[in-house]
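Structure record follows, encoded as structure tokens.
The values are calculated or read from the model by the stated rules, or taken from the named source; none is laboratory data. In this text, all values refer to a predicted model and were calculated from it rather than measured experimentally. As a convention, Cβ positions derive from the backbone with ideal geometry for all residues, glycine included, and neighbour counts pool all protein chains shown. Surface areas here come from the heavy atoms of the whole protein model, side chains and all, with no ligands, DNA or RNA. Shrake-Rupley method; radii C 1.70, N 1.55, O 1.52, S 1.80 Å.
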Amino acid sequence: MAEPIISLDRVSKHFGSKAAVSDVTFEVKAGRCVGWLGPNGSGKTTLIRCMLGLARATQGTIHVRGHEVPRDVRAALTRVGGIVEEPRFYPYLSGRRNLEVFARFCGGDAHARVTRSLERVDLSARADSPVKQYSLGMRQRLGVARCLLTDPELLILDEPSNGLDPAGMAEFRVMIRSFVEEEGRTVFVSSHLLDEVQKIADDIAIVQAGKLVLHGSVDELVA
């Protein structure tokens, strides 16, 4: 069997005496959309921070793309795009210019992907407008465009539909499914909205108070 693109083995994260994540063991197969589902405050963002090397797990091991995090975080994240909470940008620069600035840090072919990334998230028409004029939905899509600059195998998105109106949520669903079905990417998306996750995910993991309580395919869980 192919190696999982994300592997968590008994991962816990404590803040003092409080356990934000508790003994989570879980695998994500490549080419799937996985919904990480739970109420606000259940540890979803904390775990994502640990997977992206932004926080260190108190115990357990995390592997992303076969590399241990945080020990080999640079190799692990070479082709990973992540958004934690709301994406941030230079408000007075255009969407295009924001991506060009980020592409400089990425190096490689990132700059050549700017135009295509904007097209991919349907922002070409507003690419040269200042980001301060963007709606929340547009900023979320620009965040995804920024992720695409590295041609990621894996996208890790933290509550990407937060604050979006129904039309914006529908657009996001179509975009995420196309990443999986048309481009073969893996998407790990957290949310507190069961109905929304059910519409986009192949697999769902449910977390409560930092503990993984249930996981399986959408079809299995609905049945």
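Quick notes
- The R104 and A167 beta-carbon pair, evaluated with R₀ = 35 Å, returns a calculated FRET efficiency of approximately 0.55.
- Over the stretch 98-202, relative contact order from alpha-carbon pairs under 8 Å, at least 6 apart, %: 25
- On the chain, 48 percent of the accessible area sits on carbon and sulfur atoms, based on a 1.4 Å probe.
- Ratio Rg/Rh, restricted to the stretch 159-212 and using Cα atoms, in which Rh is the Kirkwood radius: 0.98
- Whole-number D in µm² s⁻¹ for the stretch 62-118, Kirkwood Cα-pair radius fed into Stokes-Einstein, 4 °C, 1.567 mPa s: 99
- Helix content alone sets the calculated 222 nm mean residue ellipticity of the chain: runs of n ≥ 4 DSSP H residues at -39500 (n - 2.57) each, divided across all residues, give -9000 deg cm²/dmol.
- Note on L54 and H192: their simple-model spin labels are 1.7 nm apart, each label 7 Å out from Cα toward Cβ.
- Simple Cβ-charge dipole of the stretch 86-223, Lys/Arg +1 and Asp/Glu -1, about Cα centre, in debye nearest 20: 760
- Restricting the calculation to Cα atoms, the chain yields a radius of gyration followed by a Dmax of 17.0, 50 Å.
- Estimated distance in nm for a label pair at E86 and K18, the labels positioned 7 Å out from Cα along Cα-to-Cβ: 2.2
- The chain - accessible surface per residue (Å², probe 1.4 Å): 50
- Whole-number D in µm² s⁻¹ for the stretch 1-58, Kirkwood Cα-pair radius fed into Stokes-Einstein, 25 °C, 0.890 mPa s: 200
- Each Lys and Arg adds +1 at its Cβ and each Asp and Glu adds -1 at its Cβ; summed about the Cα centre, the stretch 163-223 shows a dipole of about 240 debye.
- Separation in nanometres of the label points that stand 7 Å from Cα toward Cβ, at E181 and S217: 1.6
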